[in-house]
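One structure is given here, and the rest of the page talks about it.
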Amino acid sequence: MYKFTCKFNRLFAILILVLLIPFLIFISILIFFFIDKKIFFNQKRVGYNQKHFTCYKFASMVGNDINNEAKSSDKEKNRINFLGHFIRQLHIDELPQLINITKGDINFIGPRPHEVWHDTHYKERLKNHTFLSKYYSKRNLIKPGLTGLAQCLGFNGAVNDDQLIKRISYDILYTRKQSFSLDLYIIFKTLKLIIFK
């Protein structure tokens, strides 16, 4: 079942990429002229079995080659112009991760992969939470996803401690309860979140 799911994810991602080629080229041109000459913003993230991989995103901030892992993009809003804001609001910046799916780094649905720095940082923040501290690594026992249960319920981006606890709790819940019906629910909620946001 896992191999079938992985193969389906890759084939579906390739199909979407082919269909979106004109749109992706158009967005790339807009980014080049209005945001940054460096169209893609690449991040090292923690994936399946704790392996690191390069996650691809469209640049949404001016000067996206500025590399300070400890900084959250939400604290650098002065680097986000009108186009960057539009791209982030509709999650267009996430579209290059379809390439990650074709490479087998991620699936469409699963716990969102954390940046390497954030992964270590979150473990430290949760060390006093006995259950989550113990089961935190369980979220990496399945492939991460382009979207997940926590994200479709609104727990994405920068989070405070309470939100982090809920996010990781939903990640662990997904690893235990993953099913076709749950995946359909996540897809529906994700599309609803994007459309009405």
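The values are calculated or read from the model by the stated rules, or taken from the named source; none is laboratory data. In this text, all values refer to a predicted model and were calculated from it rather than measured experimentally. We place every Cβ from the backbone using ideal geometry, glycine too, and count neighbours over all the protein chains shown.
What to note about this one:
- Among all residues of segment 149-169, there is at least one that is without any contact (Cβ under 8 Å) to a residue 12 or more places away in the chain and surrounded by 12 or more Cβ atoms within 10 Å (Cβ to Cβ).
- Of the helices (runs of 4 or more DSSP H) that lie entirely inside segment 74-188, those containing 2 or more residues that are touching a strand residue (DSSP E or B) at 6+ places or on another chain (Cβ under 7 Å) span 97-103, 116-125.
- Residue list for segment 31-50, restricted to those being in a helix (DSSP H, G or I) and crowded, with 16+ Cβ neighbours inside 10 Å: ILE31, TYR48
- Residue check for ILE194: closer than 20 Å to LYS57 by Cα and assigned to a helix (DSSP H, G or I): yes
- Residue ID - modelled with the lowest pLDDT, chosen from residues in segment 53-73 that are touching a strand residue (DSSP E or B) at 6+ places or on another chain (Cβ under 6 Å) and in a loop (DSSP other than H, G, I, E, B): ASN64
- Any hit, segment 173-183, residues being among the aromatic types (Phe, Trp, Tyr), buried (at least 18 other Cβ atoms within 10 Å of the Cβ) and in contact (Cβ under 8 Å) with a residue 24 or more places away in the chain: yes
- Within segment 136-182, considering residues that are among the β-branched types (Val, Ile, Thr) and modelled with pLDDT of 90 or more, the one nearest to PHE108 (Cα to Cα): THR147
- All conditions in (1) on the phi > 0 side of the Ramachandran plot; (2) at pLDDT below 90 hold for GLU76, with the sole exception of (1).
- ASP171 out of contact with any Leu (no Cβ under 8 Å at 6 or more places or on another chain) and either farther than 27 Å from ASN9 by Cα or not small (Gly, Ala, Ser) (or both): no
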